[in-house]
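The values are calculated or read from the model by the stated rules, or taken from the named source; none is laboratory data. For clarity, every value in this text was computed on a predicted model and none was experimentally measured. Methodologically, a virtual Cβ is constructed for each residue, glycine included, from the backbone with ideal geometry; neighbour enumeration extends over all protein chains shown. For accessibility, only protein heavy atoms count, side chains too; no ligands or nucleic acids. Shrake-Rupley method; radii C 1.70, N 1.55, O 1.52, S 1.80 Å.
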Amino acid sequence: MSLATAFEKYFKVGAAISVFDLQKPNRIELLKNEFSSFTAENDMKPMYWLNQEVMQADPEKYNLTPVISPERAIPYLELSKSIGIPMRGHTLLWHNQTPRWFFHKNYDENAELADKETMLTRLDNYIHAVLDFVQTNYPGIIYAWDVVNEVVDEGAFREKSPWYQICGTEFLFQAFASARKYAAPGVALFYNDYESATEWKRDFIIENVLKPLIAAGNIDGMGMQSHLIMDHPTIEEFKTAAEMYGALGLQVQITELDIHNADPSEESMHALAERYKALFEAMVDVKKNGKANITSVTFWNLLDETSWLTGFRRETSYPLLFHKEGEKKEAYYKVLEVVE
């Protein structure tokens with residue numbers, strides 16, 4: 001039994017992979033053997049799609065029509081095609097990992113910021129270009145997109161975002177309108193954010209992001225990033241949030257799951273395993289009882305050794321179900337116990 005087969009009747013189980021994983025056949029085998037979905041960790045974010053050289057060489061020509069370079073995305077799309085595992089697209093719009101020059105006149109960071117009309121048009125054409133490339137060349141590969149990522153911060157919309165500074169909240173609704181217009185039928189559109197089980201953020205997202213997008217008919221799901229720690233959030237808080245998002249009639253996907261733990265001792269890894277088991281019990285429970293339509297759970301990376309958390313937390317993290325080059329941890333077996 002694998003993670004994919006164990007939870008097949010409940011939701012897809014996926015993992016984020018990087019360009020380094022693509023170069024390791026044993027990691028691709030792990031992906032094939034255990035998972036039913038995957039995400040490109042970084043290489044399909046805006047900075048890797050936008051073709052700086054071409055756009056800056058003729059900014060007048062491309063002022064409103066950004067040019068994309070698919071080279072970083074193609075290896076993941078080809079992998080999906082070859083192994084028959086579908087992808088989540090991550091992410092079309094994000095304040096981070098979008099180059100500053102993209103927000104300026106003539107794509108020149110030393111010039112003043114472009115105006116709102118220009119940026120909203122650039123946004124529409126950029127999303128069109130990305131979706132058109134993927135859907136024309138790799139139809140059916142991507143089953144869901146994180147359309148917009150992390151627009152909420154400190155109890156309000158993220159005011160330091162260049163998107164917000166230029167466009168207010170219009171960029172958020174334009175992004176989803178564009179994605180709905182250009183996405184192939186059946187491709188699900190998600191809003192994605194961290195700390196989404198926290199009460200203040202959960203409630204703000206529901207009222208100010210999700211409900212307006214639902215009213216416009218331009219969203220299909222909520223992405224709960226779920227970068228957890230050992231004591232936050234509680235399982236009940238997580239479950240409540242999933243149910244509240246689910247009550248809106250949206251799909252819920254756990255998009256970037258890991259649990260930071262810097263203690264590799266047997267006792268600590270047992271506690272990690274029990275926390276994962278409790279989390280998966282909660283997800284299966286809300287799915288079975290119709291409280292939230294959880295359709296995918298994605299771990300953020302394959303192995304402890306490749307987790308982004310070690311760099312982010314500035315201490316070695318042991319946050320996942322596999323380590324070394326694919327060895328199963330106690331957490332793996334505890335997660336399987338949920339459905340055995």
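Provide, in order from the shortest bin, the percent of all Cα-Cα pairs of the stretch 68-140 in each 10 Å bin, continuing until the bin that contains the maximum pair distance.
The percentages, shortest bin first, are 16, 43, 26, 13, 2.
Out of the trypsin sites (Lys or Arg not before Pro) in the stretch 36-142, which ones are loop residues according to DSSP with at most 12 other C-beta atoms within 10 Å?
Lys61
Roll a 1.4 Å probe over the protein chains and send me the accessible area per residue for the chain in Å².
42
Using a cut-off of 13 Å between beta-carbons, work out the net charge of the residues near Met230 (Lys and Arg +1, Asp and Glu -1, Met230 not included).
Net charge in that neighbourhood comes out at -3.
Compute the length gained on full extension between Lys288 and Glu266: take 0.36 nm times their separation in residues and subtract their Cα-Cα distance, giving the result in nm to one decimal.
Taking 0.36 nm per residue and subtracting the Cα distance, the gain is 4.7 nm.
For Asn96 and Val339, compute 0.36 nm times the residue count separating them, minus their Cα-Cα distance, and round to one decimal in nm.
83.7 nm
Given Cβ point charges of +1 (Lys, Arg) and -1 (Asp, Glu) and nothing else, what value in debye, to the nearest 20, does the dipole of the chain about its Cα centre take?
Computed charge dipole of the chain: roughly 840 debye.
Where the accessible area of the stretch 57-132 is counted over protein heavy atoms with a 1.4 Å probe, how much of it, in %, is carbon and sulfur?
46
How far is it, in nm, from the label point at Val54 to the one at Glu305 when both lie 7 Å from their Cα along the line to the Cβ?
3.8
Using Cα-only point scatterers and the Debye equation, what is log10 of I(q)/I(0) for the chain at each q in 0.09, 0.14 Å⁻¹, rounded to two decimals?
-0.47, -1.15
For the stretch 236-339, which whole-number percentage of the solvent-accessible area (1.4 Å probe, protein heavy atoms only) is attributable to carbon and sulfur atoms?
Carbon-and-sulfur percentage of accessible area, whole number: 47.
Given N residues in the stretch 239-337, what is Rg(Cα) / (2.2 N^0.38 Å)?
Ratio of Rg to 2.2 N^0.38 Å for the stretch 239-337: 1.14.
Mind pulling the angle between the C-alpha long axis of helix 170-182 and the longest principal axis of the chain? Nearest 10 degrees, somewhere in 0 to 90.
80
Under a 5 Å amide H to amide H cut-off, with H placed in plane at 1.01 Å, what residues pair with Thr298 once short-range neighbours are removed?
HN-HN under 5 Å from Thr298: Gly14, Ile254, Thr255, Glu256, Leu257.
Quickly work out the Lys105-to-Asp231 label distance, labels modelled 7 Å from Cα along the C-beta direction, and quote it in nm with one decimal.
Calculated label separation equals 5.4 nm.
As an exercise, identify the GluC sites (Glu not before Pro) in the stretch 121-190 lying in DSSP coil whose Cβ has no more than 13 other Cβ atoms within 10 Å.
Answer in residue order: Glu154, Glu159.
Have a look at the DSSP beta bridges in the chain and tell me what percent are antiparallel, nearest 5.
Given both bridge residues lie in the chain, the antiparallel proportion sits at roughly 15 percent.
Can you give me the distance in nm between label points at Ile74 and Lys61, each placed 7 Å from the Cα along the Cα-to-Cβ direction?
Each label point lies 7 Å from its Cα, and together they span 2.1 nm.
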